[in-house]
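Scroll down for the structure; my scribbles are underneath it.
The values are calculated or read from the model by the stated rules, or taken from the named source; none is laboratory data. These numbers come from a predicted model, not from an experiment. Positions of Cβ are generated from backbone atoms using ideal geometry, with glycine treated the same way; all protein chains shown enter the neighbour counts. Protein only, heavy atoms only, side chains kept; ligands, DNA and RNA dropped before computing areas. Shrake-Rupley method; radii C 1.70, N 1.55, O 1.52, S 1.80 Å.
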Amino acid sequence: MANNVIGLFDNENVADQVVSDLKAAGFSSSVIHRYVGGDQGIHDELLREGIPDDEARYYVDGLNQGGALVSVHAEEAETDKAVDIMNRYANLGEDTSADYAAGTAPAYDTAASTADTEDRTAYRDDRSYRDERAATGRVDGDERLEVVEEQLRIGKRQVQRGGVRVRRVVTETPIEEQVTLRDETINVERQRVDRPVSGRADDLFTERTIEVTETDEEAVIAKEARVVEEIAVGKTVEEKTETVRDTVRRADVEVEQIPGGGTSEVYDETGPAYTYGQTLASDKRYTGREWNDIEADARRDWETNYREHGRWEDFRDSVRNSWERARGRR
């Protein structure tokens with residue numbers, strides 16, 4: 001028998017992550033449906049899938065408030081797998097990852113029968129009821145307390161602090177220089193004389209011309225461009241380490257015995273084993289792996305970085321308990 005497994009989440013990012021996980025788990029895109037606020041006919045379509053009217057309206061209200069709905073048509077053997085995938089993102093109190101925000105309601109299957117409808121209704125995210133049980137510290141049935149941790153993510157951005165503009169400007173400057181120039185002048189003087197002719201007189205009666213040329217000097221200006229200075233523009237880059245300080249919150253869980261043999265879970269922010277288990281659960285290297293696959297790595301890391309807290313053998317079970325709780329297995 002096939003079932004429809006449905007989950008309502010706070011926003012589209014969560015729904016996208018759920019769809020991605022479903023596909024990775026082997027569900028075909030043809031059996032996965034994703035709805036957001038504004039989609040028409042969702043209420044009627046949910047009724048056709050066997051969802052009771054009041055629950056269908058509940059989902060539509062969630063969509064109208066900005067939520068996102070994911071449903072998958074799963075065969076009987078695959079139903080639990082689909083429910084587990086959706087419940088990974090359900091009931092988270094606040095954003096625990098950069099990739100998705102908090103979900104609002106666990107998933108459940110919608111095989112149409114009266115008795116099954118009552119079981120499904122028990123999964124509904126009745127927040128006032130859940131808050132009442134948390135206030136009294138009493139839990140009926142199988143409940144979970146979520147471990148919530150804020151992660152500090154530090155990015156970088158470029159900020160313009162100023163700059164330098166270099167441009168070439170042409171100016172003209174008057175210049176005076178002294179130069180000595182030669183100026184020739186021809187002087188012609190006529191003088192009266194009275195003396196006898198020496199030599200042959202006939203020679204003096206021969207025509208003769210004398211030419212004298214005046215030569216003057218004048219200033220000639222020539223210009224030569226010479227490079228007298230260079231301006232180099234460049235950048236030097238230095239890296240510096242800056243310490244960024246802020247605070248992040250974390251809510252851990254510890255178990256204490258109460259009268260009557262019951263237990264109540266209280267958050268503890270100091271337990272090294274619990275903190276280490278949460279760290280392992282958030283490490284992407286171990287996503288989808290079993291404890292037996294990662295225990296050897298966990299032990300080596302503990303003995304390297306957490307040895308001051310004690311021997312691995314003394315903390316192994318507590319670390320595993322914390323790891324499995326963070327992954328939603330307990």
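The table that follows gives values for the structure above.
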item: Within the accessible area of the stretch 2-91 (1.4 Å probe), percent carbon and sulfur; result: 41
item: Val60 accessible area, assembled protein chains, probe 1.4 Å, Å²; result: 30
item: Surface accessible to a 1.4 Å probe, Glu75 within the full protein complex, Å²; result: 110
item: Contour minus Cα-Cα distance for Asp44 and Val170 (0.36 nm per residue); result: 37.4 nm
item: Accessible surface, 1.4 Å probe, highest first, among residues Val233, Val147; result: Val233, Val147
item: In nm, spacing of pseudo-spin labels at Ile154 and Thr247 (7 Å Cα→C-beta vector); result: 1.9
item: Simple spin-label estimate for Leu181 and Glu238 in nanometres, 7 Å along Cα-Cβ; result: 6.0
item: Where the stretch 2-91 is the region considered: accessible area per residue in Å², 1.4 Å probe; result: 46
item: Largest-first ellipsoid semi-axes for the stretch 2-91, taking √(5λ) over the Cα gyration tensor eigenvalues, angstrom; result: 20, 15, 11
item: Accessible area (Å², 1.4 Å probe, nearest 10) - Thr236; result: 130
item: Accessible area, probe 1.4 Å, largest first, for residues Asp297, Asp183; result: Asp183, Asp297
